[in-house]
Amino acid sequence: MKPARLSVVDQELPEYPISREERLDGNSFVKWHTGRWLSSKTFKLMPWDMQGMARALFDLCQTESPVGSLPDDNEELAFMLRVDVRSVREFRGLEFGPLRNWVCCVSDGEVRLMHPVVVDVIRDALDRRALSVLSSEQKAVAVRLDRLRKALVAEGLTADVTEDPVLIDRMDDWLRANHKGNRGRSAYRSVILHASRQRWFGASIGGAG
């Protein structure tokens, strides 16, 4: 069955807050808040067999597009839950069925289902992944700048000069724009010459020769 498209009535549905471009790779960790689950009405009042299906949907939605959503299609949901379509229709009408708190939303013109708790945990996983990538990038930058400082000292600049963060950032930017790949002595000598011509060193270049 084709994905449901928007009608005039559907245009009042909320927009799904996560882009279709976002994906959870195999290394992404999605938190399961055990205390929150055990204290919820869903756990306390939902039959055991339906709890299993509810948990399955929480996992299955992580592979959907957009991530964290479900299709608003009874046949697809029936396939995912390994039940017949009639059962899915019944689930939709149950207060404590496996589709509890899943509500309709819109993603790129398609009607989907979203769950507020699932959205929160998916966002948390994406945010933590972004922070991890940022941390890796920051480490790479720190290593590169440390290597630059040591190379400049080896070329005759004093430690006082290379401790200037503005100067080092300028030199690193110039090297990244003009010397791709591994940086050798010629690259470091070129950036010293360029910095001297641009008067980045101020009154003295610290004894570089």
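Read-outs throughout are calculated quantities, based only on the coordinates presented, and are distinct from any laboratory measurement. Everything quoted here is computed from the prediction, not taken from an experiment. For neighbour counting, all protein chains shown are included, and Cβ atoms are generated from backbone atoms with ideal geometry for every residue, glycine included.
Compute the angle between helix 48-60 and the longest alpha-carbon principal axis of the chain, please, reported from 0 to 90 degrees and rounded to the nearest 10.
30
Taking the Cα centre of the chain as origin, work out the dipole magnitude from +1 charges on Lys and Arg Cβ and -1 charges on Asp and Glu Cβ, in debye rounded to 20.
My answer is approximately 940 debye.
Any idea what the relative contact order of the range 67-115 is, in percent, if you count C-alpha pairs under 8 Å spaced at least 6 apart?
Computed value for the range 67-115: 39 percent relative contact order.
Out of Gly181, Ala140, Ala154, whose Cα points farthest toward the positive end of the dipole of the range 138-197 (charges: +1 Lys, Arg; -1 Asp, Glu; placed on Cβ)?
So the residue furthest toward the plus end is Gly181.
Roughly speaking, what is the stretch gain from His179 to Val133, that is 0.36 nm per residue apart minus the C-alpha to C-alpha distance, in nm to one decimal?
On the way: separation 46, 0.36 × 46 = 16.56 nm, distance 2.47 nm.
Contour length minus Cα-Cα distance gives 14.1 nm.
If you take the C-alpha gyration tensor of the range 138-197, multiply each eigenvalue by 5 and take the square root, what semi-axes do you get, largest first, in whole Å?
15, 14, 11
How big is the Rg/Rh ratio for the chain, C-alpha atoms only, Rh by Kirkwood, two decimals? All intermediate terms of the calculation are to be shown ahead of the outcome.
Working: Rg = 28.1 Å, Rh = 21.7 Å.
Expressed as Rg/Rh, it is 1.29.
Measure out, as a whole number of angstrom, how far apart the alpha-carbon centroids of the range 63-113 and the range 137-190 sit.
Here the answer is 55 Å between Cα centres.
For the range 9-114, with equal point scatterers placed on the C-alpha atoms only and solvent neglected, what are the log10 I(q)/I(0) values from the Debye formula at q = 0.10, 0.14, 0.19, 0.20 1/Å, to two decimals?
So the normalised log intensities work out to -0.30, -0.60, -1.08, -1.17.
To test your reading of the geometry: what angle, between 0 and 90 degrees and rounded to tens, separates the Cα axis of helix 165-178 from the longest principal axis of the chain?
Long axis of 165-178 versus the principal axis of the chain: about 80 degrees.
Which lysines, on any chain, are close to Lys150 with Cα under 21 Å apart, when same-chain ones fewer than 8 places away are left out?
Lys139, Lys180
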